[in-house]
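In what follows, a structure is listed as structure tokens, so that the remarks can point back to it.
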Amino acid sequence: MSNLAQRTLTGIVIVFLVIASAVISPYAFTGLFLLITIMGLWEFYSLLEKVGITPNKILGTIAGAFLFLSNALIALGLAPIEILLFNFLLIFLVFLLELYRDIPEPFTNVAFTFFGLLYVAVPFALVICLPNPGFVPGHYDYTIVLGFFFMVWVNESGAYLVGSSIGRTPLFKRVSPKKTWEGTLGGGLLCLLTAWLISIFYKELDTLNWMIMGLLVVVFSTYGDLFESLFKRSIKAKDSGKILPGHGGILDRFDGVIMATPFVFVYLLWFF
């Protein structure tokens, strides 16, 4: 099977799982992204081990999973906001347990353990909050999160297809030589068109807010791709993993989501 066929088939499966889980129930959606968070953290820490960095893989993954779950429980109205305080205990456990690991470069290990939480766990925790950005008890609107994912997917796929076809001008050659301005602009225009189409069917947001969300997705999901490329170049890795045929790893597939989610969530929370 060709790489394009693998990429297409894997993409279809991911799209189906995200849409189905979001529509079925908030618990199915939470379960799916809890699994993605755990896999993403394990993948991130495993990549670092290949270049001699030894983050606290097990505790970091546990802390990230709890960070995700505590935010999800608040968004679902199942726990008070005070549950977030337990995250501080897990964070300080990373400091304490490093005393007993007797591994070189302890502060580098601690720093990268925390980096995994910030880079992987925090954005996925905010994804779960998108259907209820105002934290209204009992509120769950999957149209917001589906609209967000539709725009990310169209932006990424559009950039890939347009860039592969007519891309000539490098966007950021030092970081990602194959990413072009033509592909980026093509994906961006398709994303904004998608935002407008979404506004016709999904009325939770008006057209202006959907378009602003689309613009945020265009800018920051593109930066997410570039940052992931920078990270892989710094550790001399082609892909973040091999779990997703045609795409690489969890971080390869969700790099745009990781970077765009915080900006979209903050916009919805404070400006919508």
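The values are calculated or read from the model by the stated rules, or taken from the named source; none is laboratory data. None of the values given here were measured: they were computed from a predicted structure. Every residue, glycine among them, receives a Cβ derived from its backbone with ideal geometry; neighbour counts consider all protein chains shown.
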Checking PRO80 against (1) crowded, with 18+ Cβ neighbours inside 10 Å; (2) over 17 Å from ILE38 (Cα atoms), the condition it does not meet: (1)
Output the qualifying pairs, or none if there are none: Cβ atoms under 7 angstrom, residues six or more apart or on different chains, first residue in the range 250-272 and in contact (Cβ under 8 Å) with a residue 12 or more places away in the chain, second residue assigned to a helix (DSSP H, G or I) and among the charged types (D, E, K, R). ILE250/GLU43; LEU251/GLU43; LEU251/GLU228; ASP252/GLU228; ASP255/ASP225; ASP255/GLU228; GLY256/GLU156; GLY256/ASP225
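Out of GLY147, GLY186, I need the residue that is more than 15 Å from MET213 (Cα to Cα), at pLDDT 95 or above, surrounded by 17 or more Cβ atoms within 10 Å (Cβ to Cβ) and not aliphatic (A, V, I, L, M). Which one?
Numbers: GLY147 fails: more than 15 Å from MET213 (Cα to Cα).
Result of the check over GLY147, GLY186: GLY186.
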So, in the range 113-125, of the ones that are crowded, with 21+ Cβ neighbours inside 10 Å and more than 9 Å from the chain's Cα centre (by Cα), which residue ends up nearest to LEU34 (Cα to Cα)? ALA125
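Which of the residues belonging to the range 43-73 are surrounded by 15 or more Cβ atoms within 10 Å (Cβ to Cβ), among the aliphatic types (A, V, I, L, M) and free of Cβ contacts under 8 Å to residues at least 60 places away in the same chain?
So in the range 43-73, the residues surrounded by 15 or more Cβ atoms within 10 Å (Cβ to Cβ) come out as 43-45, 47-48, 53-57, 59-73.
This time we only want the ones that are among the aliphatic types (A, V, I, L, M), so: 47-48, 53, 59, 62-63, 65, 67, 69, 72-73.
Those that are surrounded by 15 or more Cβ atoms within 10 Å (Cβ to Cβ), among the aliphatic types (A, V, I, L, M) and free of Cβ contacts under 8 Å to residues at least 60 places away in the same chain: ILE53, LEU59, ILE62, ALA63, ALA65, LEU67, LEU69, ALA72, LEU73.
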Note on SER240: of the conditions (1) modelled with pLDDT under 95; (2) under 20 Å from PRO177 (Cα atoms); (3) surrounded by fewer than 24 Cβ atoms within 10 Å (Cβ to Cβ), unmet is (3)
Which ranges mark the helices (runs of 4 or more DSSP H) fully within the range 74-143 that have 1 or more residues being without any contact (Cβ under 8 Å) to a residue 40 or more places away in the chain and of a type in the set (Ser, Thr, Tyr)? 85-101
Filter the range 66-81 for residues that are out of contact with any Ser or Thr (no Cβ under 6 Å at 6 or more places or on another chain) and among the small types (Gly, Ala, Ser); the one that is farthest from ARG101 (Cα to Cα) is GLY77
Kindly provide the set of residues from the range 175-204 that are touching a Leu at 6+ places or on another chain (Cβ under 8 Å) and assigned to a loop (DSSP other than H, G, I, E, B), ordered by number. VAL175, TYR202
Suppose we filter the range 205-219 for residues that are more than 21 Å from THR169 (Cβ to Cβ) and touching a Gly at 6+ places or on another chain (Cβ under 8 Å); how many remain? 4
